[in-house]
Amino acid sequence: MKKLFAILVSALLILVIVLVIKTLTYPFAKLSDNQPEPAKVAISEKSISRFAKGVQFATISYIDSAENNFSVYDSFRLYVRNAFPNVFKQLHDTLINKHQWLLHWKGKNASLKPILFMSHYDVVAPGSSDPKDWKYGPFLGILADGRIQGRGTIDMKSVAFALLESADTLLASGFIPERDIYIALDPDEEVGGIRGAEKLAIYLKEKGLFFETIYDEGGIVATPGTAEGINQNIAFVGMGEKGVVGYRIKVKGLGGHSSMPPLESAAGRAAVIMQRLEKNQLPQRLIEPTENFLKVAGAGMGFMGKMAIANQWLLKSLLLKQMEKNPQANALTRTTTAITMLKGSDGNNVLAPEVEVVINFRILPGETSKDVLAHIQNACKGYEVEIDAPRIPVEPSKISPANGRGFEMIKESVEKLYPGTLVTPYLTIGATDCKHMGDLSDHIYRFMPVLLNPAEQRSIHNFNEYMSIENYARMIAHYSYLMKNFDTKH
Ligand SMILES: [Zn+2]
């Protein structure tokens with residue numbers, strides 16, 4: 001008995017030693033308590049005003065495109081063309097499907113795969129133009145408080161103008177890129193890219209193009225404190241993005257008067273199905289960008305958190321349970337289930353013969369909308385239902401690798417512009433236009449080189465959106481660096 005006890009104790013001791021050693025040797029990011037200031041980058045008055053004037057065009061995109069004022073799109077493009085005469089003299093530009101704009105800058109070496117920079121010039125509606133909500137108006141393009149104010153200043157006319165500024169400056173210096181550079185300015189990212197990026201992808205495929213790297217939005221540099229225990233900036237680079245599908249379930253039952261109801265109503269059945277779907281969600285998984293992100297986030301955690309990350313061979317389920325409790329972390333680990341719409345009877349005393357439930361799923365890369373459908377069918381077992389997807393599902397993207405020139409370029413540039421920043425691969429939760437580009441490159445990165453505090457992050461798609469001049473100057477420097485140095489040998 002004593003011997004058995006001794007064996008157990010030593011086994012436990014060995015286990016603890018293994019856990020501790022694995023924790024201490026795990027490749028967590030090296031943290032520093034000192035966050036240096038970002039680089040100061042010079043910017044001309046002309047660059048600032050070219051961008052600010054571009055904000056004045058209310059290029060709002062609506063789900064129902066009949067609501068769009070396309071003449072504003074036309075005048076915006078005319079404005080841009082006149083604002084950057086040299087760019088449009090030297091780059092070839094094409095208009096696809098009326099409003100999708102593509103610029104082509106020919107490089108020296110046609111045998112190299114080109115790179116594509118993507119931005120969109122549509123914006124979401126301002127929600128209000130009340131001065132109480134928008135201190136400087138959504139479409140006045142005012143320069144105030146050291147910032148360019150208005151809708152689209154972050155998301156994402158800034159990138160469109162920064163790309164044009166970069167090309168303009170490089171052209172003026174006589175620079176010719178090694179490989180071809182393409183710049184896409186999309187007209188309907190905010191409503192899914194059906195008229196823009198989707199058509200662009202078809203056009204590029206027909207041309208037989210395949211890109212070395214594609215850059216789009218979908219990550220930012222976040223200020224210290226974004227992750228617990230980390231007093232440094234974190235640059236989140238989206239390596240992939242989740243898909244989205246809304247399924248509508250029509251649950252059948254017996255309608256009629258409420259005075260003689262059946263024992264089980266359609267609404268009651270729908271409730272059971274909803275409970276099943278919430279209680280038994282699609283399984284959690286750790287995909288590569290999230291594993292890489294945990295190396296950074298884990299560095300700021302206490303020893304127990306670090307131990308769970310470093311010892312997934314034993315503690316993975318514990319780690320996933322912990323992540324599940326936080327909605328943001330949960331979204332990184334699974335296809336999420338959000339019951340968003342319900343429709344039943346309109347009358348107090350009327351039984352609905354059919355109850356409609358709409359559930360919005362954000363699909364984790366590795367699963368498809370078909371997997372989600374099978375999951376729903378399983379949850380509906382025993383009931384008569386009809387299931388459909390009112391809008392075309394968007395499948396999740398592929399995951400781009402955390403190495404190679406395209407990714408290294410982002411790291412190099414961030415180190416120069418935002419010294420002391422931790423760069424981490426990440427999964428972009430929202431959708432971007434490059435979801436349409438999956439067949440056009442194996443290296444697609446979603447990242448906007450701006451340092452945003454939590455309030456600035458919340459201003460996206462909200463009131464009082466602005467871009468600080470410092471951020472805009474660094475944005476131009478970032479894209480200039482990428483265009484200029486992609487093929488510089490190190
Ligand atoms: Zn955007």
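I need to check one value: relative contact order of segment 99-246, counting alpha carbon pairs closer than 8 Å and at least 6 residues apart, in percent. Spell out each step's value before the answer.
Working: 217 pairs, mean separation 51.5, N = 148.
It comes to 35 percent, rounded to a whole number.
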| Extension gain, ASP371 back to ASN349 (0.36 nm per residue minus Cα-Cα distance, nm) | 4.1 nm
| query | HN-Hα J couplings of segment 335-344 from phi, Karplus 6.51/-1.76/1.60, θ = phi - 60°, integer Hz, Gly and Pro as x? | reply | 6, 8, 10, 10, 6, 10, 9, 9, 9, x
| note | Filtering the chain for DSSP H helices with an axial alpha carbon extent of at least 30 Å and a Kyte-Doolittle mean of at least 0.0 returns 2-25
| field | Span from the segment 138-165 Cα centroid across to the segment 432-490 one, whole angstrom | value | 13
| field | Over segment 89-226, equivalent-ellipsoid semi-axes from the Cα gyration tensor in Å | value | 30, 19, 15
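Could you tell me whether segment 201-316 comes out rounded, prolate or oblate from its Cα gyration tensor? Rule is a ≥ b ≥ c as square roots of the eigenvalues, rounded for a/c under 1.5, then prolate if a/b exceeds b/c, otherwise oblate.
Numbers: a/c = 3.03, a/b = 1.54, b/c = 1.96.
It comes out oblate by the Cα gyration axes.
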| message | What would the Debye equation give as log₁₀ I(q)/I(0) for segment 367-448 at q = 0.17, 0.20 Å⁻¹, counting only Cα atoms as equal point scatterers? | response | -0.82, -0.99
| request: Would you mind checking which residues have amide H under 5 Å from GLY256's amide H? H placed 1.01 Å from N; only 5 or more apart, or other chain. | output: LEU351
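LYS108 to ARG276: FRET efficiency via 1/(1 + (r/R0)^6), r the Cβ-Cβ distance, R0 41 Å, to the nearest 0.05? Don't skip to the end; give the middle numbers.
Details: r = 60 Å, r/R0 = 1.47.
Efficiency, rounded to the nearest 0.05: 0.10.
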| segment 16-105: relative contact order as a whole-number percent, Cα under 8 Å and 6+ apart | 15
| query | Can you tell which of THR290, ILE249, SER259 lies farthest toward the positive end of the dipole of segment 240-388, using +1 and -1 charges on the Cβ of basic and acidic side chains (Lys, Arg; Asp, Glu)? | reply | THR290
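How high is the FRET efficiency between LEU4 and GLU291 when r is their beta carbon distance and R₀ equals 25 Å, given to the nearest 0.05? List each step's numbers first, then the result.
On the way: r = 38 Å, r/R0 = 1.54.
According to the calculation, E is roughly 0.05.
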| Summed side-chain charge close to TYR79 - residues other than TYR79 whose Cβ falls under 12 Å, Lys, Arg +1, Asp, Glu -1 | +4
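Taking all pairs of distinct Cα atoms, average 1/r, flip it, and tell me the Kirkwood hydrodynamic radius of the chain in Å to one decimal place. Numbers along the way, then the final one.
On the way: mean 1/r = 0.0400 Å⁻¹.
25.0 Å is the Kirkwood radius here.
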| said: Around TYR472, under 12 Å between beta carbons, what's the net of Lys plus Arg minus Asp minus Glu among the other residues? | reply: +2
| What relative contact order, as a whole-number percentage, does the chain give when Cα pairs under 8 Å and 6 or more residues apart are counted? | 25
| task | With label points built 7 Å along Cα→Cβ from the Cα atoms of VAL16 and LEU254, find their separation and express it in nm. | result | 6.5
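When ranked by the protection proxy of mean other Cβ atoms within 10 Å per residue, highest first, what sequence do the peptides 61-70, 469-478, 120-129 form? Each step should come with its number before you reach the end.
Details: 61-70: 13.7, 469-478: 23.2, 120-129: 19.5.
Top of the packing list down: 469-478, 120-129, 61-70.
Checking the a/c ratio against 1.5 first, then a/b against b/c, what shape does the Cα gyration tensor give for segment 192-267?
Details: a/c = 5.43, a/b = 1.65, b/c = 3.30.
Here segment 192-267 falls in the oblate category.
Return the tail of the calculated pair distribution for segment 240-388, meaning the percent of Cα-Cα pairs more than 25 Å apart. Display every interim value, and only then the final one.
Details: 4744 of 11026 pairs.
In whole percent, the share of Cα-Cα pairs in segment 240-388 beyond 25 Å is 43.
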| note | Gyration tensor on Cα atoms of segment 1-81, a ≥ b ≥ c root eigenvalues, a/c under 1.5 rounded, else prolate if a/b beats b/c, else oblate, says oblate
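Largest first and in whole Å, give the semi-axes of segment 153-192's equivalent ellipsoid, each being the square root of 5 times a Cα gyration tensor eigenvalue. Spell out each step's value before the answer.
On the way: eigenvalues 121, 32, 6 Å².
Sorted largest first and rounded, they come to 25, 13, 5 Å.
No lab work stands behind these numbers, since they all come straight from the coordinates. Because the structure is predicted, anything quoted here is derived from the model rather than measured. Because the Cβ atoms are built from the backbone with ideal geometry, glycine has one as well, and the counts that use them run over all protein chains shown.
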